[in-house]
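Okay, so here's the structure we're looking at.
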There are 2 protein chains.
Amino acid sequence: MSTGLMRAAVMRNWNLEITEVPIPTPLPHQILARVRACGICGSDLHMLSHGAEMRAQQALLAAQDAAHLGPHNSASGTEAQVSTAFDPAAPTVMGHELCCEVVELGSKDNSASLGLAVGDVVVSYPVACDLPSDLRTMHTVGYSNSYPGGYGEYVVLDAARSLAVPAGTPVELAALTEPLAVGIHAVAKSGITQGEGALVLGLGPVGLACVAALKAQGIGPVIGSDYSPTRRGLGAHLGCDEVVDPAVQHPMELWGRVGGTRPLVIFEAVGIPGMIDQAMRMAPRHSRILVVGVCMPQDHLHPMVGIGKELTLQFALGYSSTEFAQALRWIADAVVDLEPMITDKVTIQQIPSAFEALSDPERQAKILVIPT
Amino acid sequence: MSTGLMRAAVMRNWNLEITEVPIPTPLPHQILARVRACGICGSDLHMLSHGAEMRAQQALLAAQDAAHLGPHNSASGTEAQVSTAFDPAAPTVMGHELCCEVVELGSKDNSASLGLAVGDVVVSYPVACDLPSDLRTMHTVGYSNSYPGGYGEYVVLDAARSLAVPAGTPVELAALTEPLAVGIHAVAKSGITQGEGALVLGLGPVGLACVAALKAQGIGPVIGSDYSPTRRGLGAHLGCDEVVDPAVQHPMELWGRVGGTRPLVIFEAVGIPGMIDQAMRMAPRHSRILVVGVCMPQDHLHPMVGIGKELTLQFALGYSSTEFAQALRWIADAVVDLEPMITDKVTIQQIPSAFEALSDPERQAKILVIPT
């Protein structure tokens, strides 16, 4: 099976095309799995539309730093650079919010698959290594020329990074493990505790995952802010105590009414230029701002506002394997109900139009690709 | 005595002029004190040269916020706005790094002066209230039309905010209590602990105070970075384990050699546009950046750098009364020796030229005004 071709949405030179690519071959410590559901992530939209300029900017920063540091000591090497280390001129199949079914083990020796068996439904921390004990051979599944992601029919995953989905959990919900983990990590990173409240700016999938993670831990009040009534509705469903349309009411006016004098943590989950500055200006004194929205271009801020209020800006990225496992547990145990987040399901053929649809926040939150 | 005139460097319409102003009159809970020494603070230089544009910018931010929040609920009200609430067209005597001698008690009733007596040498948390129990009547000494600061001969201070300087402590060193408190607060705010190291960007008075506070707590290695050899010399004297000229060697190259793999906290004590971005770019993953340098204009940053490395930006302002008292104790007990920081002493008459001299970091660090 792993010598044939598969259907996939292939990115090459920042264009998306439905075509056929080789089915990848698992190494002994890996599994071959059939994609059952894969969420379309905002990062993939960013990558397709801003990938070239993002790389140009990172190259510029790296070159400036290298001028001081020498090529072997670049201090600007970021996770983002590592995770996007693919050749844009060669085919890449994106998609890292995966739920799959094991179809082949990389080794006849079952121990190499760590108990996984053909037919198991799994989710996987989307990292794969050519050599199991060597992180220098690491790839991000979905941002690699050699490890296609879930916008195709098959993927190769590290067995050690794959978790069996408990029986009875729908594959569509299991595919939301990865975005929920992002919210769990952001909430953990913020250090928010009982007795503090939260304001979530932006109720896209990242903001909604923060809301779900906050409410699963009993934190409140949680206010969600978004211009889109659809997204405010999703925020309310996922547990926001109040939602606000910032075009109608300033979020801090609402916070003043429902939050009282308790400390506030602001989650910036919009990720467009100007949002950090806006969050800093609305933040009460001594509050924390958790930046989880990915803003690619250069941005601005007023340091005096931060200084005058002694604010903390905490940037968050990704999640740990523990947080990933917790996300799966919460979904399987119905601690959170993310089903309303899924606003559409598409085939591989429909991926390009799904990318377009996602640019309109009014219509969509999370679109799942169901390859077959 | 408190009905006569005194000599002072008076700021009016963002100009400095040596002239005479009335000696202020203490209220019953206050004291009249003769200035023995007063440090010239970088904030005063900022105020004189950028005060007008700073106010214009703050007014713009406040107006934008008020459009959402209404006039009674401005979330942008910052310490800086409070502390600079003076009429620039009326005379202001700046100077808040004071060491003074009590010459008159506001009330014949000694209890109102809380044990202070005429002849006592004091330092004072530079805040005074018209009504002792009402912070709405608060003024910052030195940024108020009614509470002249130490660039004149006499000041009025709240007795409750004034601390007697232990006998034997030179007034010149006691006058450094305030700037040292800024360093103590920044270090406390950073949460730095034993086992972590520090890189201090900028070895002006604020950076040097951070170095002193770090070393007084046994934290190291501490690297100081400054283009000026004079300031690097001061950094080494105040306890930097290594100093670096960033024009010759990248600070992170030096850190890699002396810091090894221990966690790093970067103290940004330069306060010019671009420094936050630069600190973020050089910061190792998961490190903290403590912003203590006051940058007045709008600044820029690359959020992706912060996200990719999961950085924390912590902004710091001022100090608590406890930190202020600790600074005096450290100076009196010679835990720190700040004497080398004092690069010049001037009369009131010489204040305008001292302001000019301070614009050249090569020649000066802390200049003290000795009024008589």
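The values are calculated or read from the model by the stated rules, or taken from the named source; none is laboratory data. It should be emphasised that the depicted structure is a prediction, and the values quoted were computed from it without experimental measurement. Positions of Cβ are generated from backbone atoms using ideal geometry, with glycine treated the same way; all protein chains shown enter the neighbour counts. Surface areas here come from the heavy atoms of the whole protein model, side chains and all, with no ligands, DNA or RNA. Shrake-Rupley method; radii C 1.70, N 1.55, O 1.52, S 1.80 Å.
Rounded to the nearest 20, the Cβ-based charge dipole of the stretch A:238-372 about its Cα centre (Lys and Arg +1, Asp and Glu -1) stands at 380 debye. To the nearest 10, the accessible area of B:Glu172 is 50 Å² with a 1.4 Å probe. Of the solvent-accessible surface of chain A, computed with a 1.4 Å probe over protein heavy atoms with every protein chain present, carbon and sulfur atoms account for 54 percent.
A 1.4 Å probe over all protein chains sorts B:Lys366, B:Lys345 by accessible area into B:Lys345, B:Lys366, starting with the largest. For chain A, a Gaussian network of Cα nodes joined below 10 Å ranks A:Asp158, A:Asp226, A:Asp120 by mean-square fluctuation, and the top entry is A:Asp120. Here B:Ser107 and B:His46 are evaluated by their C-beta separation; at R0 = 56 Å the FRET efficiency comes out at 0.95.
When chain A is treated as a Gaussian network with alpha carbon springs shorter than 10 Å, the biggest mean-square fluctuation among A:Arg285, A:Arg231, A:Arg34 belongs to A:Arg285. Translational diffusion of the stretch A:127-209, estimated by Stokes-Einstein from the Kirkwood radius over alpha carbon pairs at 37 °C in a medium of 0.692 mPa s, is 211 µm² per second.
Derived from the Cα gyration tensor, the three semi-axes of the equivalent ellipsoid of the stretch A:196-266 are 16, 15, 8 Å, largest first. Charges were assigned to the Cβ only: +1 to each Lys and Arg, -1 to each Asp and Glu. The resulting dipole of the protein assembly as shown about its Cα centre is roughly 480 debye. The Cβ shell under 15 Å around A:Ala325 holds other residues with a net charge of -2, Lys and Arg each +1, Asp and Glu each -1.
In this label model, A:Asp245 and A:Thr137 are separated by 5.6 nm, measuring between points 7 Å along each Cα→Cβ vector. Closest approach to the axis carrying B onto A, counted by Cβ on chain B and given in whole Å with its residue, is B:Leu313, 2. Along the axis of the charge dipole computed for the stretch A:268-359 (Cβ charges of +1 for Lys and Arg, -1 for Asp and Glu, origin at the Cα centre), the listed residues A:Val305, A:Leu290, A:Ser353 are led at the positive end by A:Val305. Neighbours of A:Val103, meaning other residues whose beta-carbon lies under 14 angstrom from its beta-carbon, give a summed charge of -2 when Lys and Arg score +1 and Asp and Glu score -1. Placing dummy labels 7 Å off each Cα toward the beta-carbon, the span from B:Asp87 to A:Tyr227 is 4.4 nm. If R0 equals 30 Å, the separation of the Cβ atoms of A:Ser353 and A:Asp333 corresponds to a calculated FRET efficiency of about 0.30.
For the protein assembly as shown, the solvent-accessible area works out to 38 Å² per residue, with a probe of 1.4 Å and every protein chain left in place. Considering the stretch B:227-284 at the alpha-carbon level, its Rg and Dmax are found to be 11.8, 30 Å. Normalised by 2.2 N^0.38 Å, where N is the number of residues, the alpha-carbon radius of gyration of the protein assembly as shown equals 1.10. For A:Ile18, inter-copy separations between label points set 7 Å beyond Cα along the Cβ vector come to 8.4 nm, shortest first.
Once A binds B, the 1.4 Å probe can no longer reach about 4600 Å² of accessible area, counting both sides. Projecting the Cα positions of A:Val102, A:Gly152, A:His139 onto the charge dipole of the stretch A:79-174 (unit charges on Cβ atoms of Lys, Arg, Asp and Glu, taken about the Cα centre) puts A:His139 furthest along the positive direction. Near B:Gly224: Cβ cut-off under 14 Å, other residues only, Lys/Arg at +1 and Asp/Glu at -1. The net charge is -2. Taken along its principal axes, the alpha carbon cloud of chain B reaches lengths of 61, 55, 38 Å, longest axis first.
Here the Kirkwood formula, the inverse mean of 1/r across different C-alpha pairs, assigns the stretch A:272-357 a hydrodynamic radius of 16.5 Å.
Counting pairwise Cα distances across the stretch B:135-269, what percent come out greater than 22 angstrom? Percent of Cα pairs beyond 22 Å in the stretch B:135-269: 47. Sorted shortest first, the distances from the A:Ser353 label point to those of the same residue in the other copies are 8.1 nm; each point sits 7 Å from Cα along Cα-to-Cβ. With the convex hull constructed from alpha-carbon coordinates only, the stretch A:167-234 shows a mean projected area of 5.1 nm² over all directions. A label point on A:Leu5, set 7 Å along the Cα-to-Cβ line, lies at 9.7 nm from each of its counterparts in the other copies, closest listed first.
Between the beta carbons of B:Asn145 and B:Thr19, assuming R0 = 22 Å, the FRET efficiency works out to 0.90 to the nearest 0.05. Using Cβ point charges alone (K and R +1, D and E -1), the dipole size of the stretch A:163-291 about the Cα centre works out to roughly 300 debye. Computed on protein heavy atoms with a 1.4 Å probe, the accessible areas place A:Ser353, A:Ser225 in the order A:Ser353, A:Ser225, largest first.
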